[in-house]
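Reading through the structure tokens given below for one structure.
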Amino acid sequence: MVHYRRNRIAGGRYFFTVTLHDRHSRTLTDHIDLLRMAFRDTQHRRPFVINAIVILPEHLHTIWALPAGDADYSGRWRAIKGRFTRALHKAGEPLPRRTNGDHALWQRRFWEHTLRDEQDLGRHVDYIHYNPVKHGHVASVADWPYSSFHRYVKQGLLPKNWAGGDIVQAGEFGE
């Protein structure tokens, strides 16, 4: 069995990619309210700050800041995935199963990157916000509704036309 080495820094900031098992699914955006509820419930029980997030139909990217003295992002992801899966099941959504009987909604693992400094943070925030354009869902970042980009605009951190047109080249952000 492969042993994943996770970098765990109490109070750290992390970039995550979390993906559904079915890469052609639209479950995350089709059930955005249930996903938001899973995040809110988990944040209430195990606080963390979402610095940036984008939800695409079958995967999401986010940056979290954990509280001082706490490095358990895996437990939080387990809770979010479980709450969302149970909410879908309760809503009557058909969910595939693995051979062991577990639901096969999510990929088992997630990708994590510890953010090193403010420049690294900025690159990853840009990557998150540009992702719907990168994947061809919209032509403009402002057109994707499931993104913290709109909060950044409201707070005056980014202009509404950020990354519009030909200004941004793919690959200029994050990983």
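For the reader, a short list of remarks on this structure follows.
- Of residues in region 1-18 being within 14 Å of the chain's Cα centre (by Cα) and open to solvent by 10 Å² or more (accessible area, probe 1.4 Å), the one farthest from GLY82 (Cα to Cα): ARG13
- Yes/no for GLU112 being open to solvent by less than 30 Å² (accessible area, probe 1.4 Å), touching a helix residue (DSSP H, G or I) at 6+ places or on another chain (Cβ under 9 Å) and under 20 Å from VAL18 (Cβ atoms): yes
Matching residues to (1) in contact with a helix residue (DSSP H, G or I) (Cβ under 6 Å, 6 or more places away or on another chain); (2) more than 29 Å from VAL133 (Cα to Cα):
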{"site": "GLY11", "(1), (2)": "no, yes"}
{"site": "PHE15", "(1), (2)": "yes, no"}
{"site": "SER25", "(1), (2)": "no, no"}
{"site": "LEU35", "(1), (2)": "yes, no"}
{"site": "PRO47", "(1), (2)": "no, yes"}
{"site": "ILE55", "(1), (2)": "yes, no"}
{"site": "THR62", "(1), (2)": "no, no"}
{"site": "LEU66", "(1), (2)": "no, no"}
{"site": "ALA71", "(1), (2)": "no, yes"}
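- Meets criteria (open to solvent by less than 30 Å² (accessible area, probe 1.4 Å), within 20 Å of HIS31 (Cβ to Cβ) and part of a loop (DSSP other than H, G, I, E, B)) for PRO57: yes
The values are calculated or read from the model by the stated rules, or taken from the named source; none is laboratory data. Note that the structure is a prediction, hence the values are computed from the model and not measured. Quick reminder, even Gly has a Cβ in these numbers, built from the backbone with ideal geometry, and neighbours come from all protein chains shown. Ligands, DNA and RNA are excluded from the accessible area calculation, which covers all protein heavy atoms including side chains. Shrake-Rupley method; radii C 1.70, N 1.55, O 1.52, S 1.80 Å.
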